[in-house]
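One structure is given here, and the rest of the page talks about it.
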């Protein structure tokens, strides 16, 4: 299939009227005379080498704390999104480097235990700091802006310092696409002012592509995992067949397969998208997408074993938070001594390292460790300390959260 590169003049490049805004960083990034990468390719590798990206390998996609190597985790999902986004971008004439950088960074702020972990942290945040909230798109921006670091040529830890276009695509990626078409917004805004999920469309066409690719990438893959675990019964298979027949009555297609679905959605999107029409699917494919999504929610995401684990995940996150809040009165220099005497060596070690790196608890020690990233917590103020604890928990993998929880409850 040959596709006309209809977005060639709209792609994010140095001919774009807003190019200066797209590549804007908080501060200038070092330059190498022989560097062959674009600004967005540099962002891609900066995210790729971050600890936050590495941790995605054991963060929930759908099935919590899976021990099966063939079940999708969050790292596989972001790579699926990158693959789908890259295919679309190349065919439409958009910037492949930009969609790849947005795609692999878009879920870096996901909490342990997926969307349920996100909701648990949100509730604690609302209870402890009224008026504040927690949602993974905003937390992903927070992590790439403030938490994730790389070591520079002199051995100092520095923040990632990504471009505006990548940061915007990350916070604007919400994959719940129910509208007929997606168009980028025209205004340059302070991304810190975004107050809720899906409040704004992305600033670039590339961000719009990632937004819809986020949904294309997970629908069929989640069904595959459900098949592996034998969650689907005969009635469920009949329902999936009826969904296909409803939207494509004259088709020979009778089985939902991840590869077939992805191919169908991509080719349909390429056929229907243009600068005038936006990034869009045809009505039949949009209907198919929404029907499969509704099937997944009712049959897979509400499966009784998943629901049971949600109760467990709530207890795990709540227990870790309560344990960390016990140190509230020891937020001065004595905290190191207090932590060392606890029976929680893993939790104590990593939380103390977190405090050193991101708070003002021991500036002298921080300098010796060559931390030049931003200080973002005042550990002597309760509200800041609460956020410090919740951000620490949000960065955990499923496995690490479970390890810490069992450390807390073991005597």
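The values are calculated or read from the model by the stated rules, or taken from the named source; none is laboratory data. Model, not experiment: these values are computed from the prediction. No Cβ is skipped: glycine too gets one built from the backbone with ideal geometry, and neighbour counts run over all protein chains shown.
For this structure, a couple of remarks:
- Looking at 243, 212, just one residue is part of a helix (DSSP H, G or I), crowded, with 19+ Cβ neighbours inside 10 Å and either in the same structural domain as residue 73 (by TED's automatic domain parsing) or at pLDDT below 95 (or both), and that residue is 212.
- In the range 38-50, residue surrounded by the fewest Cβ atoms within 10 Å (Cβ to Cβ) [restricted to those that are part of a loop (DSSP other than H, G, I, E, B) and under 22 Å from the mean Cα position of the chain (by Cα)]: 49
- Residue count for the range 370-387, restricted to those that are part of a loop (DSSP other than H, G, I, E, B) and touching a residue at least 24 places away in the same chain (Cβ under 8 Å): 7
- The range 27-42: number of residues that are touching a helix residue (DSSP H, G or I) at 6+ places or on another chain (Cβ under 8 Å) and closer than 15 Å to residue 158 by Cβ: 1
- Residue in the range 158-170 that is part of a strand (DSSP E or B), at pLDDT 95 or above, in the same structural domain as residue 52 (by TED's automatic domain parsing) and out of contact with any helix residue (DSSP H, G or I) (no Cβ under 6 Å at 6 or more places or on another chain) present: yes
- Qualifying residue in the range 191-203 (condition: buried (at least 21 other Cβ atoms within 10 Å of the Cβ) and closer than 30 Å to residue 374 by Cβ): yes
- Total residues in the range 117-136, condition within 20 Å of the chain's Cα centre (by Cα) and not in a helix (DSSP H, G or I): 4
- Residue 35 in a loop (DSSP other than H, G, I, E, B), closer than 25 Å to residue 223 by Cα and without any contact (Cβ under 8 Å) to a residue 12 or more places away in the chain: no
- Residue 90 being assigned to a helix (DSSP H, G or I), over 21 Å from residue 318 (Cα atoms) and assigned by TED's automatic domain parsing to the domain that holds residue 153: yes
- Condition check for residue 53 on (1) surrounded by 16 or more Cβ atoms within 10 Å (Cβ to Cβ); (2) part of a loop (DSSP other than H, G, I, E, B); (3) touching a helix residue (DSSP H, G or I) at 6+ places or on another chain (Cβ under 6 Å): one failure, at (2).
- Qualifying residue in the range 248-259 (condition: out of contact with any strand residue (DSSP E or B) (no Cβ under 6 Å at 6 or more places or on another chain), part of a helix (DSSP H, G or I), in the same structural domain as residue 72 (by TED's automatic domain parsing) and modelled with pLDDT under 90): yes
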